[in-house]
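What follows is one structure encoded as structure tokens, with my remarks underneath.
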Amino acid sequence: MALSKRQRAKVFRGAQYALLAVIALVLALAADWGEIQRAFFNLDIAASMFPNVITVALKNTLVYTALGFAFGLALGLVLALMKLSSVAPYRWIATIYIEFFRGVPALLVFIALSFGVPLAFQLQFDIYSTVMLALGIVGAAYMAETIRAGIQAVPKGQIEAARSLGMSQGRTLATVVIPQAFRIILPPLTNELILLTKDSSLIYIIGLAREQYELTKFGRETLSRSPSLTPILVVGLCYLLITLPLGYLSRYLERRTGGKKISTPESTGLGVSA
Amino acid sequence: MSTEVSTDVAVEITGLKKSFGPLEVLRGIDVSVRRGEVVCVIGPSGSGKSTLLRCVNLLEEPTGGKIVVNGVELTDPDCDIDAARTKIGMVFQGFNLFSHLNVLNNLTVAQRKVLKRKPEEAQRIALRNLERVGLAEKAGAMPAQLSGGQQQRVAIARALSMDPDVMLFDEPTSALDPELVGDVLGVMRQLADEGMTMLVVTHEMQFAREVADKVLFMDGGYVVEEGEAAQVIGAPRHERTKSFLARVLDPTHQGPRD
């Protein structure tokens, strides 16, 4: 019997579904569910982690990330403006900074700030300063490039309109260009925030007091007392608690701006009025 | 040609030249606009008419020549161009409303930040100008919620809110749907009737004929012909003006160019 092309495609697709179903069935029958539960879902261990995993670890992760993001955003904006400056040395400095800190592991920066700087300069940062500086210094390198792209994506006509109304270059930047640039780059900035959330785990290198634990350190500590993957699973889920809404927010913002290059949230009529 | 003239002349352009790299767009332009006069600039695309207009508030830096607006020489390197621009309103082909601000804030932002007007005063002036263009009820709308014609009228009101002495219009109706052109031209005509000094780059020959005191025809970076609207549009003397007008006014009866 001769099958048409469409019928053959249908049979082929059916075969793939059948294969997947068989694999799933074999796995389900062959797996030692008791063993898996002991390894991953030990409810006693999970219960012992509460409420500290939320009130201490999750809270600290949020605080560390927020500090690093705020500092990184401010420094990134300065770097972006330097990169667009007509003063050549500013551009060189910004380029060197961005290339360097984008190229080295964030862990190195944490080590440098927590051990290197105190040894070299007799300067001791508290934990909040360290995490803010380390996350911010690295984050700024990434955000600077994003912000620069956003500034350059603001339509030229907006700048001309502002200048024709008598606004100086600086006034135009502050009143028109930067507010619009940030609307354009909200989605990529949200991604940056997700990356920083995960990078905040690198703070473990410093050696933390119990009340300073963030999620990863908290998970490791629990793990060393209870031989099960449960603690890792629990803190992993806590990260998702932060990053999934952020990811959703990022996609929502992207949809709202419609992916069009020059559009702003306002052009879809959903914007917040200033 | 002494003190009497200098107070009477709003815009004085002499020997204006502008090149973009090797491309010479303006090759020596002399234009003067008297106070209260409406001057329309017509000509084929690429003739330099928009560049001329953009030189008047120095959005384009002239390569040579002199521009004096209200007795201030803008081409003087030490001129405070930001201060001078507050007196020169500009309306763009693409409206260029600030897309992150609502209509009212579009009209007040420069008043507050540049002219340092009090918020209440800026708002009062903004609403008065919105009323002038017939859009007072749109004060709270975002630009993207308005039609092109409405956006352009808001842009005119925004420029008027700075109390300019001169208004520049750069093809203000070229980006509009045909049925919206009339609204904008109506506002411009009303402005002209109120005695505003206007320099208008346009393709609207009927508007130029009815409203302009003077029409300039530009081609190839020169002012080819200049005179009263009825004469330049109704009875052009130069061959290039004639062929341009024939193409614009009666496009269906023209063979391909050359």
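Brief remarks on what is shown
- Scoring residue B:144 on the criteria (1) part of a helix (DSSP H, G or I); (2) modelled with pLDDT of 95 or more; (3) within 13 Å of chain A (Cβ to nearest Cβ) leaves a single failure, condition (2).
- Spans of helices (runs of 4 or more DSSP H) in the stretch A:1-62 with at least 1 residues out of contact with any Asp or Glu (no Cβ under 7 Å at 6 or more places or on another chain) and modelled with pLDDT of 90 or more: A:5-30
- Scan of the stretch B:144-172 for residues that are among the polar types (S, T, N, Q), under 14 Å from residue B:133 (Cβ atoms) and surrounded by fewer than 24 Cβ atoms within 10 Å (Cβ to Cβ), ordered by number: B:147, B:150
- Odd one out for residue A:167, checked against (1) assigned to a helix (DSSP H, G or I); (2) at the interface with another protein chain (Cβ under 9 Å from one of its Cβ atoms); (3) out of contact with any Phe, Trp or Tyr (no Cβ under 7 Å at 6 or more places or on another chain); (4) not charged (D, E, K, R): (1)
- Lone unmet requirement of (1) at pLDDT below 90; (2) touching a helix residue (DSSP H, G or I) at 6+ places or on another chain (Cβ under 8 Å) for residue A:117: (2)
- The set of residues from the stretch A:212-224 being surrounded by 11 or more Cβ atoms within 10 Å (Cβ to Cβ) and either assigned to a helix (DSSP H, G or I) or more than 24 Å from the chain's Cα centre (by Cα) (or both) comprises A:212, A:215, A:216, A:217, A:218, A:219, A:220, A:221, A:222, A:223.
- All strands (runs of 3 or more DSSP E) inside the stretch B:1-76 with 1 or more residues being out of contact with any strand residue (DSSP E or B) (no Cβ under 6 Å at 6 or more places or on another chain) and loosely packed, with under 14 Cβ neighbours inside 10 Å: B:9-20, B:23-34
- The listed residues are B:176, B:180, and the only one of them that is without any contact (Cβ under 8 Å) to a residue 60 or more places away in the chain, closer than 23 Å to residue B:54 by Cβ, surrounded by 15 or more Cβ atoms within 10 Å (Cβ to Cβ) and away from chain A (no Cβ under 14 Å) turns out to be B:176.
- Selection within the stretch B:210-257: residues that are assigned to a loop (DSSP other than H, G, I, E, B) and small (Gly, Ala, Ser). The member of this set that is surrounded by the most Cβ atoms within 10 Å (Cβ to Cβ) is B:212.
- Residue that is more than 30 Å from residue B:43 (Cα to Cα), surrounded by 18 or more Cβ atoms within 10 Å (Cβ to Cβ), at the interface with chain A (Cβ under 7 Å from one of its Cβ atoms) and modelled with pLDDT of 95 or more, where the choices are B:105, B:129: B:105
- Only one of A:175, A:190, A:146 that is in a helix (DSSP H, G or I), within 10 Å of another protein chain (Cβ to nearest Cβ) and of a type in the set (S, T, N, Q): A:175
- Applying a threshold of 8 Å to beta carbon distances and a minimum spacing of six or more residues, or different chains, the list of pairs starting in the stretch A:181-196 at a residue that is without any contact (Cβ under 8 Å) to a residue 40 or more places away in the chain and ending at one that is of a type outside the set (Asp, Glu) and outside any helix (DSSP H, G or I) reads A:181/A:154.
- Flag if residue B:47 is within 23 Å of residue B:221 (Cβ to Cβ) and either in contact (Cβ under 8 Å) with a residue 40 or more places away in the chain or within 15 Å of the chain's Cα centre (by Cα) (or both): yes
- Breaking point among (1) without any contact (Cβ under 8 Å) to a residue 60 or more places away in the chain; (2) away from chain A (no Cβ under 14 Å); (3) closer than 20 Å to residue A:166 by Cα; (4) of a type in the set (A, V, I, L, M, F, W, C), for residue B:157: (2)
- Condition met for residue A:227 (under 16 Å from residue A:69 (Cβ atoms) and surrounded by fewer than 19 Cβ atoms within 10 Å (Cβ to Cβ)): no
The values are calculated or read from the model by the stated rules, or taken from the named source; none is laboratory data. The model shown is predicted, which means the values in this text are computed figures rather than measured ones. Positions of Cβ are backbone-derived with ideal geometry, glycine not excepted, and every protein chain shown enters the neighbour counts.
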